[in-house]
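Scroll down for the structure; my scribbles are underneath it.
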Amino acid sequence: MKKDYRATQIQVDAALPDLAKLAKPARALAAGQLVAFPTDTVYGLGANALEDSAVAKIFAAKGRPASNPLIVHIADLEDIYKVVTDFPPLAQALAEAFWPGPLTLILKRQDCVAGLVSAGLDTVAVRMPAHPVARALIRQAGVPIAAPSANRYTAVSPTTAAHVLEGLGDAIDFVIDAGPTSVGLESTVLSLVDEPPQILRPGMVTLAQISAIAPEVCYAKPSFLGAAENRSSPGLARKHYSPNAALILVDDAGDALQDALKKMPEPTQCACILLDPPDDATRARAGAIEVLGRDPDIYARTIYAALHALDAQHFTTIMVQRPPTDDRWRAIHDRLERAQN
Ligand code: TXA
Ligand code: MG
């Protein structure tokens, strides 16, 4: 059943968007309205990053605390000084290697960026997304665009326009639909204002990839990631990315999944997200099963859609088989750990 939402939906081709179709939402952005749009990672909820009144609408629509700063998106490197005061050689080297792409850099903030974007910090998060629609839209808007993931605060991030509408369809002005996003998890957030530079949020650009350019980079301390609130990156609050169902991580070993399912009073109320196709007993017991496989890129691309789909079926519990632990899975682990509630 298709609900009627307040948001105007605009469909465009992901690779070669019709620029004329982006004119209206681009004007709306420049004028201070909210436009959800696809990026390489997840759908973003965009607003003019130079206007406090526009950015305030993002926090209101998401129900997000104002203490949690936003990422500013640019279309072209020549616009970087609209956002930051200083773009040091390390930032340049990282941008050359990973932009456009799923890497966000924390740098010193330019005064013209709306104060709300940075939640009072003197730094700003900036990235250039690798999505033709995002870049064309930002270019046409003519201003840097602040955009968190286009979901209600603490809910699972959207990887399709339908996910956006489900959560925010009546709270925003436009949704641009260009199909599912390709990376599927939020960008890697790397602070270049810390010494040594630190990864505040793991993403699909891995420590190993960043180390090839900046060997001194490390992960922020895990204790840091667990803190309920934290000054340098408040968005690292523990509960985040949660489905409505209770999410339980189950070891990928022996009969762990079977045992966990047996303990459930009503296994049919329980859905499973697995790495490998299940045996007959598991298939018979569980209410639904999604198999995502053992390729981290494909898993990342599909995990949020699986959570959204299972949530839409109102399961009480989602059991997720714990993925492998090597670094390419780090961001996936991070999101799954924080989705446990
Ligand atoms: O892939 C992504 O990054 C998506 C797409 C839309 O670009 N955006 C996204 O935004 O995930 P959001 O708001 O959900 O997450 C932004 C993260 C938060 O963890 C926040 O705390 C951190 O970036 N952040 C933003 N500004 C910061 C700053 N000045 N210092 C430290 N952390 C910051
Ligand atoms: Mg988010």
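The values are calculated or read from the model by the stated rules, or taken from the named source; none is laboratory data. What you see is a predicted model; the values in this text were computed from it and never measured. Here the Cβ is made from the backbone with ideal geometry for all residues, glycine too, and neighbour counts use every protein chain on show. Ligands, DNA and RNA are stripped out before the accessible areas are found, and what is left, the full protein with its side chains, is counted by its heavy atoms. Shrake-Rupley method; radii C 1.70, N 1.55, O 1.52, S 1.80 Å.
Given (1) within 19 Å of the chain's Cα centre (by Cα); (2) at pLDDT below 95, where does K262 come up short, assuming only one miss?
If we test K262 against (1) within 19 Å of the chain's Cα centre (by Cα); (2) at pLDDT below 95, just (1) comes out false.
Testing P69 on (1) open to solvent by 10 Å² or more (accessible area, probe 1.4 Å); (2) more than 13 Å from ligand 1 (Cβ to nearest atom), one condition comes back false. Which one is that?
Every condition holds for P69 apart from (2).
Being part of a helix (DSSP H, G or I), within 16 Å of ligand 1 (Cβ to nearest atom) and in contact (Cβ under 8 Å) with a residue 60 or more places away in the chain is the requirement here; does L94 meet it?
Judged against the criteria, L94 is a match.
Mind telling me which of the residues D259, D297, D279 ends up being open to solvent by 10 Å² or more (accessible area, probe 1.4 Å) and under 22 Å from L200 (Cα atoms)?
When all the criteria are applied, what remains is D297.
Go through region 293-341 and count every residue that is part of a loop (DSSP other than H, G, I, E, B) and within 22 Å of Q209 (Cβ to Cβ).
7
With region 155-211 as the region, which strands (runs of 3 or more DSSP E) entirely inside it contain at least 2 residues that are of a type outside the set (S, T, N, Q) and under 24 Å from L34 (Cβ atoms)?
Because the criterion is at least 2 residues that are of a type outside the set (S, T, N, Q) and under 24 Å from L34 (Cβ atoms), the strands (runs of 3 or more DSSP E) in region 155-211 that meet it are 174-177.
Among the residues of region 139-154 satisfying the criterion of being closer than 25 Å to E337 by Cα and within 11 Å of ligand 1 (Cβ to nearest atom), which is nearest to the chain's Cα centre (by Cα)? Let's see the steps before the verdict.
Narrowing region 139-154 to residues closer than 25 Å to E337 by Cα: 147-154.
Narrowing the set further to residues that are within 11 Å of ligand 1 (Cβ to nearest atom) leaves 147-151, 153-154.
Details: A147: 10, P148: 7, S149: 5, A150: 8, N151: 9, Y153: 12, T154: 11 Å.
Applying the filter and picking the extreme gives S149.
Look at A253 and say whether it is under 30 Å from the mean Cα position of the chain (by Cα) and modelled with pLDDT under 95.
yes
Scan region 177-198 for residues that are in contact with a helix residue (DSSP H, G or I) (Cβ under 6 Å, 6 or more places away or on another chain), more than 16 Å from ligand 2 (Cβ to nearest atom) and open to solvent by less than 20 Å² (accessible area, probe 1.4 Å) and jot them down. Give the steps one after another, and end with the answer.
Here is the first cut: in region 177-198, the ones in contact with a helix residue (DSSP H, G or I) (Cβ under 6 Å, 6 or more places away or on another chain) are 177-178, 184-185, 192.
Next cut, more than 16 Å from ligand 2 (Cβ to nearest atom) only: 177-178, 192.
Across region 177-198, the qualifying residue is only A178.
Would it be correct to say that L105 is assigned by TED's automatic domain parsing to the domain that holds D194, under 23 Å from D40 (Cα atoms) and in contact (Cβ under 8 Å) with a residue 24 or more places away in the chain?
Values: assigned by TED's automatic domain parsing to the domain that holds D194: yes; under 23 Å from D40 (Cα atoms): yes; in contact (Cβ under 8 Å) with a residue 24 or more places away in the chain: yes.
For L105, the condition - assigned by TED's automatic domain parsing to the domain that holds D194, under 23 Å from D40 (Cα atoms) and in contact (Cβ under 8 Å) with a residue 24 or more places away in the chain - is met.
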